[in-house]
Amino acid sequence: MDAFVKRLPRGDAEAQSNERPLQNASSAVERPTKRLKRNEDTESDTEPEEPIELTVKHESSEIVSEEALSDEKDQRRAKERVTDFENALPPTEASQEAIEEYETLKSSQSNTGEEIPDKKIAPLWIKGRSSIYVDAFNLTLDTVLEEESSLFSSKELEIFSQWRNLNYEAQYLYVRLFLRKTAAWHRSSRLGYFNDISDHATAIATLQERRILSSEVASSPPVQIELPSVGLEDPDDGNAFTFADASEDHIDTVEEAASLLYLDELKAIAKEAKVQGKTKMDMIKALCRMSQQQAGLMALGISRQNSADSSASTRTDHPAQAASKLKREDSNREQHFLAKILAIVGPCIRISPATFKLFERVHLVFYRSTEWTEKSLTTIILAKIARRNFPEYIVSRSSTIFSSRARLLEYEAAIRMEADVDNILESNGPLDEKGSDHILDIFKKVYPRWSALVQEETEKERQFYEMGERAYLRRFNPAHSYTRIIVKAAFVFGKLKNYLKEHQLLTELLDQRLFHLARRGAWYQRKALLEEHYMPSLDPDPTSHDLEQQKKRWRAIAVSTCETGLQDPDCHLIHHYDLQKRLVKLEKKLRIPKRLQHDFGHVRLAGPLELSVEGIQLKRDTPPRLGGQALSTRTIWLDESSSGGECTVEEMCLSHFQSQGWKGYHAEGGIIRTLFAYLFYDILFLYIPNVFQTAFQTCPLDLHTDAFFPARNSEINHRLVEIANGEGERLLRGVWEREHERRTSVIGLNWDFEVEDLLELVRCFEGSALAALCKVMAQEYRQRGGGIPDLILWRMAENSGAQAQDAQDAQNEEPGKARGEAMFVEVKSANDRLSDTQRLWIHVLTGAGVKVALCNAVAKEIREIG
């Protein structure tokens, strides 16, 4: 199930790093008990969308293996990926020290139920006999089987039973290989893990042992899913299985074997075979061609026999016999190199693909997600021992997310196909004909089923549920992945200039209001563009043969599309500007009278102010880095205001503004996320089924998805009205008074910001502007975590202190009126350029009426330093 591991946007990692100040929260009292609520939703044939490895210690006599290095690479890659599950848990330190702390805690706990002859209490954790990885893996399995065992067949339950009977070392080896996320071959001699596995040979043999299932279990019929073209029931060999495969039983081609060679070993083999290649892959391909296609002497009619024997052979050998002999010689040549390669690499082990996929299915059910990492596996355990306070909320984990095994398998099939489409579109180079055909083939398979599921879910929404109640659970419906496939197929149709089909799909996507609501704004934009430029000549049912009349008709339709988008509550604020621009342009083309045209002057984007700040830049001679790595482009400046030491360009500009009476922080998105956490604290932890599945979450699981807003639509809109009416100060102070002593762990909330500074900042915002910022964060918390300008500045009105009562009276007369001014500043030095996300935030801020400045740092002097 390698395809399930999806590439995540860089912004996820950035969002996690921005929350690091939370790690400084003081230790807290013991976690209060949560109320546990289980949902038994009988109508829930539902739906998910959207989970590392530590450095391995080796004996000093051992050479660090490539497998260990692979582990470290996996760890580094995992640190760069942050999943929704990890985002919902508090920041935990998954270092070796944290693991040792866990092990120490386990060893200090006593197993009172075990009687020891010498009356000493046996510790729960013993070095080399327990591991946080195995504990977390088994916790996942036990939780799923306790609540949702009906999703697994009798054969699979038997496999789980035999897993529990494995000894610790075999389980540990399996889990460590499983966490590499791929059922690849590994050299048995280079596995490492010497601290936890004393006998590698026995552990490997245990995993590779052929295990027999009972005849009743092995003969259970496979489950049929709704898509007959996609089957997920694992083919088996009757009544036997293994947890791991042995190379001698499965590697039978030169290509597969050669991929296990290290580069120097491959070069030696290639030299013997007289093949060449610039890269490892080129050499492997050349070696395969040679072993399979190279003609021997017999193929040329040349033999070491004398001429008489040759003529006799020519007279007696039948052409079919000669061909058979040549095929046997070619096969012998391939077997020669295969045997030679296997002798070099030695015995190898890989997790059996069938059991590998089965345990990944377990993790899919547990995490309600296709995205998880080793850190997801350990974080939930480390969170339990973390000395933190968590918000009060109701823990709810429904056992009926998937109404049946068939629905789970269909969902699994759907995300596999979605991953196939993603891999094609994300591959290097332009989309070719083969890739387009493959995507459209998948589209043709899923389109009828998608239409049926959308209709079924719409009917359920109408009859059984309030709007938005199932927004998060709906992500576990196969139609969620099918919708993504439809969207990407529409993109392919557009690339192929089949605009009529693209327009049809966009219309169908907009007609449904259940899946991927966050994309509705982009769909409106694309649909209006097609109607303006392409549909007049492609109209299947034209009302006129005059092209100009057709253009006029379709421009009017495009106007209607833009108006509908602007009125659609699910069309996010960030898309309004482009829709407004197109609408104004279309009305001018249609020559609509000025008095009837839309006027968006009240929300017209003001351009950011252009400012320049002069300072003293410091330069030091930095030797070039090894490996030709590029040097950092960040500049160093002299802090002229206080210490006289070095500072960043942002700190230099902040000092300049502070000298002019502004207060501020260089916080980028940190202070906005903090304000959002204060103002929406109770809404974040509102009871919604299945979004709080552990007692150790800092946010609901759906916060980083497009299900957050619709599931709380009424509450969020009510809160936005309160903020627009000037209630932000009251809301913020109430949360601070209630939670600051406990320093409750809440996503984005940094307790290090002074509360008086935050209250002043709220006063300096227009209520409507602050509400607009919060609405953007509520609609797209994940996507809008980055790109916020570097500096946030504010200053109170001059009479705010002396005439506080007058200010209060003014506020009562005009709710939400600012009592000062606030400004965002994006700092740019000579080497910097605005990114797309930064430009988008500048549009959002200026559209909300917030002042934004682009500050160019200018070096009035450059000093060389050692």
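Each value in this text was obtained by applying a stated rule to the coordinates, not by laboratory testing. For clarity, every value in this text was computed on a predicted model and none was experimentally measured. Using ideal geometry, Cβ is built from the backbone for each residue, glycine included, and neighbour counts are taken over all protein chains shown.
Summary table below
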{"read-out": "Cβ crowding within 10 Å averaged over residues, with 707-714, 253-260, 564-571 ranked highest first", "value": "707-714, 253-260, 564-571"}
{"read-out": "Neighbour-count ranking [beta-carbon atoms within 10 angstrom, fewest first] of 283, 290", "value": "290, 283"}
{"read-out": "Three-way shape label, the range 457-541, alpha-carbon gyration tensor, a/c 1.5", "value": "prolate"}
{"read-out": "Shape category assigned to the range 694-806 from the gyration tensor of Cα positions, a/c cut at 1.5", "value": "prolate"}
{"read-out": "Alpha carbon centroid spacing (whole Å) that separates the range 690-706 from the range 559-603", "value": "36 Å"}
{"read-out": "Simple spin-label estimate for residue 538 and residue 752 in nanometres, 7 Å along Cα-Cβ", "value": "5.3 nm"}
{"read-out": "Calculated FRET value between residue 495 and residue 851, using beta carbons and R₀ = 35 Å, to 0.05", "value": "0.30"}
{"read-out": "Gain on full stretching of the segment that runs from residue 189 to residue 721 - 0.36 nm per residue minus C-alpha separation", "value": "185.0 nm"}
{"read-out": "Modelled FRET efficiency - R0 35 Å, residue 836 with residue 440, Cβ distances, 0.05 increments", "value": "0.75"}
{"read-out": "Cα shape, the range 690-751, gyration tensor, a/c 1.5 rule", "value": "oblate"}
{"read-out": "Student exercise, the range 395-603 dipole from Lys, Arg, Asp, Glu Cβ charges, in Debye to nearest 20", "value": "460 debye"}
{"read-out": "Student exercise, the range 482-544 dipole from Lys, Arg, Asp, Glu Cβ charges, in Debye to nearest 20", "value": "460 debye"}
{"read-out": "5 Å-binned pair-distance histogram of the range 395-603 (Cα, whole percent)", "value": "1, 6, 13, 15, 16, 15, 13, 10, 6, 3, 1, 0, 0"}
